[in-house]
Amino acid sequence: MSADPSVPSLAVAQKRVTELHQQLHHHAWRYYALDDPEIPDAEYDRLFAELQAIEQAYPALLTDDSPSQRVGAAPLSAFESVAHAVPMLSLNNAFADEDIIAFDKRVADGLELTAGAAINYFAEPKLDGLAVSLRYEQGQLVQAATRGDGQTGENITANVKTIASVPLRLRGSGWPDVLEVRGEVYMPLREFDAFNKQAAAAGEKTLVNPRNGAAGSLRQLDSRITAARPLAMYCYSVGESSDGAIAASHSESLARLQQWGLRVCPLGKAVSGADGLLAYYQRLGQQRASLDYDIDGVVYKVDDFLQQRELGFVARAPRWAIAHKFPAQEELTELVDVEFQVGRTGALTPVARLKPVFVGGVTVSNATLHNMDEVTRKDIHIGDTVVVRRAGDVIPEVARSLPDRRPANAQPVAMPSACPVCGSHVERVEGEAVARCTGGLVCAAQRKEAIKHFASRKALDVDGLGDKLVEQLVDDGLIESPADLFTLSLEQVSQLERMAVKSGQNLIDALEKAKQTSLPRFLFALGIREVGEATAAALANHYGELSAVMAADERSLQQVPDVGPVVARHIAEFFAEPRNQAVVNALLSQGLAWPPIEKRAPDEQPLLGKTYVITGTLSSMSRSDAKAALQALGAKVSGSVSKKTDGLVAGEAAGSKLTKAESLGVPVLDEAWLLAQTS
């Protein structure tokens, strides 16, 4: 028995080897045969390393059917079997810089090089796709096969022929009569995203990830399905060649393949010594997040073929090559709790609190769950074992749960009925994925954005109250709601950064001036969801008084032009929230007021239901005055021209909007028409 305290006794080791055989065979079957892995690659690597350690300590436990003696899983019986003339073996893995330094030393020792002699290697990305063999005879593609178990794969020729980046016939001349090429079929990330969006829009099943998408696409019995999938291939080595080696080195062989029309990854690079390997690994790691395909590490190969033959093979891998894996992008951990964060627009986002786990190069204890629809779709419960994914600088997310490992005391995730920040009611409109806090004027999470909107040009138009000043007032604790703006003193504002007595007085004066406004502007300034300028004007004209708007129920609100069921609900929910009511009352008590509005009968709104656009310079009024005049007549004023536009009011120097209106046949109206309507 080994003296290493981490190595178990023989009896324990025998039992554990049996367990590891079962687990690794099961997960290899899920990964290779079904293209539906249950665990992340990093978890499989750990189980595999544990088995290797026990077999090294107890050689008698090493059997022919051990997962350590084979590469993958047997092919499905639905495909014809293909025996590889040259086995498609896998590579040993390395995870630390020390492993690469040790690999370089083993290579040097195996070649009996003098101390200090640098070995020439070729380094290239380790693509995360499906390994495939292409067989060309007389320059024509005659067979394509999966790796399978390394000795025997599956005949997927019809499917591979649908991949545009795989040549059906080699280009140029000089290729051997028989040439077998190995490479990786993958799904580009942009095309993967586009495919999933299209599938989701059509109500079809989406792909789990690009690797599964590539593997599943290649193993379709109907090649027409494969043809509809966005697949690509990079070639990385030669298996069999009737002429022997096609070049003296690996790098030269890739150049030959490229000459013959085969696609080779452009990021491969010749390097020297362990320092060159590690420098390449660091550079590629920095590029990883910007690539349009998934990679999970770097492959290093001794470049010279004579040196490769001299080094030879171990049981399942060459001595002259190794895979240097990146930190795992997926890991398993426990979901301890779910909390809800409130964004600046009031959206509630479920956030997973995790048992800390090292993934993607950092320790992760929090991860996004996006929204409740995603929580339901992924069947996530508090207490679950979950897969956490982190790629590059992307925010970590919970990719999926493992229901088979769910404990009896696991709890479903529930959306809170009250905002966790301010206690206001949480609203979720049917058909929308996002739930929102209704306390827009009082919620601390939304405070800055609410006040910025309140003071903006189309709302209360407080001159001099810009975004940075609002943020400073909130951060210094001087204001908590829009009503607090009108309680500010000259002493308070003049002491702020980049402010003085004169600029402070200007702000106080602007706030005083802003108190005299209009009901449409005031309603718009409140920041009610989906209540823009036109809807605010419609509400003001319909009800005439603020109190009537606040008291209206959803059914009544839907009688207002431009207000449908969803907007009616937003308005009713907003004014039903006591904290919002308190802020509105506080604003009124500070002296905000507007001229009375006379409710107009339908016959007094001749433009009701029509949409107009204003462009160019008007001589008798400003564009904003013209807009208000049209809205008073019941019209909706839009910022862009479309087929639904009823008319374009064009002043001097009208530009592209006039051109578009003429091309669409939209009536072009002059300033005289506008004056006639408003007189």
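Coordinate-derived values only; no laboratory data. Every value quoted in this text rests on a predicted model; they were computed, and no experiment measured them. So basically every Cβ, Gly included, is an ideal-geometry build from the backbone, and we count neighbours across all protein chains shown.
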**Request:** Please find the FRET efficiency linking ALA83 to VAL208, where r is the Cβ-Cβ separation and R0 is fixed at 25 Å, and quote it to the nearest 0.05.
**Result:** 0.20
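Please identify the trypsin sites (Lys or Arg not before Pro) of the stretch 621-679 that satisfy two criteria: DSSP loop assignment and at most 16 other Cβ atoms within 10 Å. Which are they?
The qualifying sites are LYS643, LYS644.
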**Message:** Strictly under 4.7 angstrom between C-beta atoms: which cysteines of the chain have no such partner?
**Reply:** CYS235, CYS265
**Prompt:** Using a simple charge model, +1 on the beta-carbon of Lys and Arg, -1 on the beta-carbon of Asp and Glu, nothing else, what dipole does the chain show about its Cα centre, in debye to the nearest 20?
**Reply:** 1100 debye
**Prompt:** Taking only Cα atoms, what is the 0 to 90° angle, nearest 10, from helix 189-201's long axis to the longest principal axis of the chain?
**Reply:** 60 degrees
**Message:** I need to check one value: relative contact order of the chain, counting alpha carbon pairs closer than 8 Å and at least 6 residues apart, in percent.
**Reply:** 9 percent
**Request:** Grab the beta carbon distance between GLU545 and ARG30, set R0 = 60 Å, and tell me the FRET efficiency rounded to 0.05.
**Result:** 0.35
**Message:** Give me the percent relative contact order of the stretch 93-325, please, defined on Cα pairs under 8 angstrom at least 6 residues apart.
**Reply:** 31 percent
**Cα-Cα pairs of the stretch 93-325 separated by more than 30 Å (percent)** = 29 percent
**Complete:** The alpha-carbon center of the stretch 128-180 and that of the stretch 551-589 are separated, in whole Å, by 66 Å
**Request:** Please identify every one of the GluC sites (Glu not before Pro) in the stretch 495-534 that sits in a loop by DSSP and has no more than 15 other beta carbons within 10 Å of its own beta carbon.
**Result:** GLU497, GLU530
**Prompt:** If you build the Cα gyration tensor of the stretch 603-678 and take the root of 5 times each eigenvalue, what three semi-axes come out, in whole angstrom, biggest first?
**Reply:** 18, 15, 9
**Asked** For GLY616, which sequence-distant residues (separation of 5 or more, or a different chain) have an amide H within less than 5 Å of its own amide H, given hydrogens modelled in the peptide plane?
**Response** GLY651, GLY655
**Item:** Estimated 222 nm signal from helices in the chain, with DSSP H stretches of n ≥ 4 weighted -39500 (n - 2.57), rounded to 500
**Value:** -10000 deg cm²/dmol
**Fill in**
So ALA418 and SER290, fully extended at 0.36 nm per residue minus their Cα-Cα distance, gain in nm 42.1 nm
**Prompt:** Against the longest principal axis of the chain, how steep is helix 273-287, in degrees 0 to 90 to the nearest 10, with axes from Cα atoms?
**Reply:** 30 degrees
**Request:** Specify the inter-centroid distance of the stretch 219-260 and the stretch 636-679, based on alpha-carbon positions, in whole Å.
**Result:** 60 Å
**Request:** Sticking with the crude label model, points 7 Å out along Cα→Cβ, report the distance from ALA248 to GLU137 in nm, one decimal please.
**Result:** 3.3 nm
**Complete:** One point scatterer per Cα, no solvent, Debye formula: log10 I(q)/I(0) for the chain at q = 0.05, 0.09, 0.10 Å⁻¹ comes out as -0.41, -0.93, -1.02
**Request:** Take the Cα of SER640, step 7 Å along the line toward its Cβ, and report every residue of the stretch 656-679 whose backbone nitrogen sits under 14 Å from that point.
**Result:** 657, 660-661
**Request:** Report the trypsin sites (Lys or Arg not before Pro) located in the stretch 298-399 that are in a DSSP loop and have at most 15 other Cβ atoms inside 10 Å of their Cβ, or state none.
**Result:** ARG344
**Complete:** Rounded to the nearest 10, the angle in degrees between the Cα long axis of helix 97-111 and the longest principal axis of the Cα atoms of the chain comes to 20 degrees
**Message:** Suppose a student asked you for the relative contact order of the stretch 603-678, using Cα pairs under 8 Å spaced at least 6 residues apart; what percent would you report?
**Reply:** 35 percent
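Expressed in nm to one decimal, what extension gain is obtained for the pair SER518 and ALA676 from 0.36 nm per residue of sequence separation less their Cα-Cα distance?
Additional length available on full extension: 54.5 nm.
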**Message:** Once you place label points 7 Å from the Cα toward the Cβ at ASP509 and GLN22, how far apart are they in nm?
**Reply:** 8.5 nm
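Please work out the FRET efficiency for the pair ALA444 and SER624, using the Cβ-Cβ distance as r and a Förster radius of 25 Å; give the result to the nearest 0.05.
So, using R0 = 25 Å, E works out to roughly 0.15.
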